[in-house]
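The structure under discussion appears below in the form of structure tokens.
Since every read-out is calculated from the coordinates, none of them should be taken as a lab result. These numbers were taken from a predicted model, which means no experiment stands behind them. Cβ placement follows ideal geometry from the backbone for every residue including glycine, while neighbour counts extend to all protein chains displayed.
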Amino acid sequence: MKKNGVKRRVLAGIVIIFTGILALRVPIPFFNFLFWFFLGSLFMNMAAAAAMYHGARVTVKRTHPVRVDEGDLFEVTAEIENTGFVPAFNIIVEDILSCAPADKRLPRAAIDYLPAGYPVTVHYGCVCEMRGRYELGPCTLIFSDFLGLIFFTRVVPALSVMYVYPRMFRIKKFPQLIKGTAPWFGIGATRSSGGDDEFFGTRDYRPRDPIRSIHWISTARKNRLIVKEFQQQNFYRATLVFNLSQEANLGEGKETVSEYIIRIAASVSRYLLDNDIAVEVVAHTGEIVHIPSNKGGEHLGEILKFLTLARPESNVSIAEIFKEFIRFIPDDSNLIVIMPDRDWETFLTYATAGRRNISLFPFILLSSSFITGYQRPETLVRAKIRFAQQLELNPFVFSAGDDLEYIFSE
């Protein structure tokens, strides 16, 4: 808009100078003709601008994907339609993409001619760099007259919401999980189950139990419907525990402790669920968040939605989280803890969970690596040795700048 203002002033100056030259050089009748010609043109131009302002009714309908991943291109298709009775000219469509970098949040598209009743489609977009929930719009329509002397704007409340999910990496190698047991009710073991299901007991029949699960001998003896109960031996489950501490969130932008924790949590969750492992999430991000154990794509979507919105606003320690939830972690399961190295001593205090046949998997981030000037190779080697010596585990140790996909492929 500033450039347009400069252009108007320059054009006005040229017109004044040119008019002065004509007044001195041409006969008066010819000058009068030019004067009234330009004045009439200006009047018609202003009349056309007024008619467009009052007669054009421009609407904007925006379509776009509901979610993208960090670093992906977010593409928007906007349908601009004039529902009025006067055609519009020289329209600039300015949208607000809050998910874009600061210098690219106001994309523009130009439309030279927009007839009444005929929509025009424009495309624009941006690269989404940071996860989160973003509101798009409103759109601003900038109209101008034919000569570019008069500008007026109209705000169209075309609002919508989109989500930028954490960027996940592929996991090729992962520690061996332990098998758990879980009672379930229904039919007996079949060939497709691999023979890993064992008879567990009987119980009363419930609605929706399959007829073939009925234990007919017990039913005849007790004179009521009894079904067989089995114990599933090939049931894997894992609990992810982490804490997004405000105090421990060192680094800047995407290179922070909390962003690494979220990327690891998202990628590990996808890997486990893709391998038919039930996943539970226990986290603190300003408030305690508990996503119960489940499987499937919808469950992954629920976890990713939480990680998309999570912020490092916790003011409690991981010790308090363990104290509150350790007793609820089921036996014969796997506990994955993602934490900065400063929480390692606390983790050791609660590592006695192994007595309940809970397999422990610590994923440790070196907080000092998120501060500029640290000696990365030496610090990383010393940390791995220290963590491994304190407990008979082989923890994953991460530092700022690591290729996380490569670490999980070694």
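With contacts taken as Cα pairs under 8 Å and at least 6 residues apart, the range 58-165 reaches a relative contact order of 32 percent.
Taking 0.36 nm per residue of separation and subtracting the Cα-Cα distance, what length does fully extending Ile371 through Thr153 add?
Numbers: separation 218, 0.36 × 218 = 78.48 nm, distance 4.71 nm.
Length difference between fully extended and current span is 73.8 nm.
Taking a sphere under 13 Å around the Cβ of Ala78 and counting the other residues whose Cβ falls inside, with K and R at +1 and D and E at -1, yields a net charge of -2. Fully extending the segment from Asp276 to His290, taken as 0.36 nm per residue of separation minus the present Cα-Cα distance, adds 3.0 nm. In percent, rounded to a whole number, the relative contact order of the range 116-178 is 34, using alpha-carbon pairs under 8 Å and six or more apart.
With 31 Å as the limit, the listed pairs Lys172/Lys295; Lys172/Lys305; Lys222/Lys295; Lys61/Lys295; Lys104/Lys172; Lys254/Lys295 have Lys222/Lys295; Lys61/Lys295; Lys104/Lys172 beyond it between alpha carbons.
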